[in-house]
Amino acid sequence: MVRAGWNLLPAGQRFSLDACMRAPRFALLLAGFWLPASAEAAPVPALSATPTRSWVTQLFDSWRAPVPPRHLGGNLYYVGASGVSAWLFSTPEGHILLDTGFADTVPIIRRSVEQLGFKLTDIKLILSSHAHIDHTGGHAAMKRLTGAQVLASAADARTLESGGADDFLTWPKDTLLYQPVKVDRIIADGEEVTLGGTTLTAHLTPGHTRGATTWTMSLTDAGKAYRVVFFSSASINDGTRLLGNPHYPEIVADLEGSFARFKSLPCDIFFAPHGGQFAMADKFARHDRGDGIAAFVDPEGWKQLVAGAEKTFREILARENTLQKP
Ligand SMILES: [Zn+2]
């Protein structure tokens, strides 16, 4: 999931996408928000409103359209939908699938894999960027269809096995829930996952979820090796507060560590759970026009993505710190 907006609406104002877009960033202050003088240690509320069910539904529905599958370079293929990514790594010993989208995007992935000439049942390992319904909601169905092993970090494994029930987000619970899936192997920070000569390295980058995982690999295309990063996401979803969050007390420390980690990763090419995070439409168009893998080489874009996410984090943190002061 991504952050829906960044506003707290004045009391009584109905939350809607339009209102969300119109409301000023500092609506919190304009709305006359105040803290009593004795509130020194009192936690501040989230600066952004918890989205409504209908807003979440509209957002999710906008990500479900099919897109043609693509060979991106080396043994890497795009098999996801318009707004939620899924990546296939083909190997002589079977395939690795990173993310499964929603339960109802599994048929899109299936069709994409088969259109590319692969057998779905050759998928042996299922990985994830982070355990949210839009990236792992399809895990249970995909595991049933393929018999593949599901691998996840310990923290995301708990969420996967609870079907999203233990998510710390304050969103309407039914928007977060999906079919629980048994995790077959826990992945530790720095652990390598290898199949048929392809190795993906896990970097635990918690914050967006407790077990969010960024994957890296060396992708060889036409004799040239590229350092590829699959971003976990690091946004702070609406309704989430950073300071004194009773559902996730370590969120600030986790995000601090994750931003340090992102900045340490060598990167020629980056991809992400949502197309909008890596300019998918533009890069796919350039790729299709004949640029090939060069369309994805974008080390500056990676730096900008991380810097933008970190800036938002620091702004929210600074504002919560200001509000928490007596
Ligand atoms: Zn998410």
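The values are calculated or read from the model by the stated rules, or taken from the named source; none is laboratory data. Because the structure is predicted, anything quoted here is derived from the model rather than measured. Here Cβ is always computed from backbone atoms with ideal geometry, including for glycine, and neighbour counts include all displayed protein chains. The area values use the complete protein model at the heavy-atom level, side chains included, leaving out ligands, DNA and RNA. Shrake-Rupley method; radii C 1.70, N 1.55, O 1.52, S 1.80 Å.
Restricted to the stretch 240-255, and to residues that are open to solvent by 10 Å² or more (accessible area, probe 1.4 Å) and of a type in the set (A, V, I, L, M), which residue is farthest from the ligand (Cβ to nearest atom)? Going through the qualifying residues, I end up with 243.
Got a sec? Which of 104, 99 is of a type outside the set (S, T, N, Q), within 14 Å of the ligand (Cβ to nearest atom) and out of contact with any Asp or Glu (no Cβ under 7 Å at 6 or more places or on another chain)? Before you say what the answer is, go through the steps one by one.
On the way: 104 fails: within 14 Å of the ligand (Cβ to nearest atom).
The unique qualifying residue is 99.
Applying the set (1) open to solvent by 40 Å² or more (accessible area, probe 1.4 Å); (2) at negative phi to residue 77 leaves exactly one unmet item: (1). How about the stretch 171-197: which of its residues are part of a helix (DSSP H, G or I) and of a type in the set (S, T, N, Q)? Within the stretch 171-197, 175 is the sole residue that qualifies.
In this structure, does residue 127 turn out to be farther than 24 Å from residue 50 by Cα and either surrounded by 20 or more Cβ atoms within 10 Å (Cβ to Cβ) or within 16 Å of the ligand (Cβ to nearest atom) (or both)? Show your work before the answer.
Working: farther than 24 Å from residue 50 by Cα: yes; either surrounded by 20 or more Cβ atoms within 10 Å (Cβ to Cβ) or within 16 Å of the ligand (Cβ to nearest atom) (or both): yes.
When the stated conditions are applied, residue 127 passes them.
Taken as a whole, the structure places residue 293 among residues that are among the β-branched types (Val, Ile, Thr) and in contact with a Gly (Cβ under 8 Å, 6 or more places away or on another chain).
Return a yes/no flag: does the stretch 198-212 have any residue that is of a type in the set (A, V, I, L, M), over 19 Å from the mean Cα position of the chain (by Cα) and assigned to a loop (DSSP other than H, G, I, E, B).
Here is the first cut: in the stretch 198-212, the residues of a type in the set (A, V, I, L, M) are 200, 202, 204, 212.
When the remaining residues are screened for being over 19 Å from the mean Cα position of the chain (by Cα), the result is none.
No, because not a single residue in the stretch 198-212 is of a type in the set (A, V, I, L, M), over 19 Å from the mean Cα position of the chain (by Cα) and assigned to a loop (DSSP other than H, G, I, E, B).
More than 12 Å from the ligand (Cβ to nearest atom) and in contact with a Pro (Cβ under 7 Å, 6 or more places away or on another chain) - does that describe any residue in the stretch 168-183? Among the residues of the stretch 168-183, not one is more than 12 Å from the ligand (Cβ to nearest atom) and in contact with a Pro (Cβ under 7 Å, 6 or more places away or on another chain), which makes the answer no. Here residue 293 qualifies as buried (at least 17 other Cβ atoms within 10 Å of the Cβ) and over 20 Å from residue 205 (Cβ atoms).
Would you pick out the residues in the stretch 49-63 that are more than 28 Å from residue 219 (Cα to Cα) and touching a residue at least 40 places away in the same chain (Cβ under 8 Å)?
The answer is 49, 50, 51, 52, 53, 55, 56, 57, 58, 59, 60.
Here is the figure for the stretch 140-168: residues that are open to solvent by less than 10 Å² (accessible area, probe 1.4 Å), in contact with a helix residue (DSSP H, G or I) (Cβ under 9 Å, 6 or more places away or on another chain) and within 15 Å of residue 209 (Cβ to Cβ) total 5.
Listed conditions (1) without any contact (Cβ under 8 Å) to a residue 40 or more places away in the chain; (2) charged (D, E, K, R); (3) within 16 Å of the ligand (Cβ to nearest atom) are all met by residue 134, apart from (1). Taking the stretch 213-236 as the range and being within 16 Å of the ligand (Cβ to nearest atom), β-branched (Val, Ile, Thr) and in a strand (DSSP E or B) as the test, the residues that pass are 213, 214.
Counting just the residues of the stretch 296-326 that are open to solvent by 60 Å² or more (accessible area, probe 1.4 Å), part of a helix (DSSP H, G or I) and at pLDDT below 95, which one comes out nearest to residue 267 (Cα to Cα)? Spell out how you get there, then give the answer.
To start, the set of residues in the stretch 296-326 that are open to solvent by 60 Å² or more (accessible area, probe 1.4 Å) comprises 297, 300, 303-304, 311, 314, 321-322, 325-326.
Remaining after also requiring part of a helix (DSSP H, G or I): 300, 303-304, 311, 314, 321-322.
Imposing the further condition that a residue be at pLDDT below 95 reduces the set to 321-322.
Details: 321: 33, 322: 35 Å.
By that ranking, first place goes to 321.
Quick grid of which residues meet (1) out of contact with any strand residue (DSSP E or B) (no Cβ under 7 Å at 6 or more places or on another chain); (2) crowded, with 19+ Cβ neighbours inside 10 Å:
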{"site": "198", "(1), (2)": "no, yes"}
{"site": "215", "(1), (2)": "no, yes"}
{"site": "238", "(1), (2)": "yes, yes"}
{"site": "257", "(1), (2)": "yes, no"}
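Scanning the stretch 138-155 for residues that are within 16 Å of the ligand (Cβ to nearest atom) and farther than 27 Å from residue 90 by Cβ turns up at least one hit.
Of the numbered criteria (1) at pLDDT 95 or above; (2) over 20 Å from the mean Cα position of the chain (by Cα); (3) open to solvent by less than 30 Å² (accessible area, probe 1.4 Å), the one residue 228 fails is (2).
Restricting attention to the stretch 266-287, the residues being away from the ligand (no atom under 15 Å from the Cβ) and surrounded by fewer than 18 Cβ atoms within 10 Å (Cβ to Cβ) number 6.
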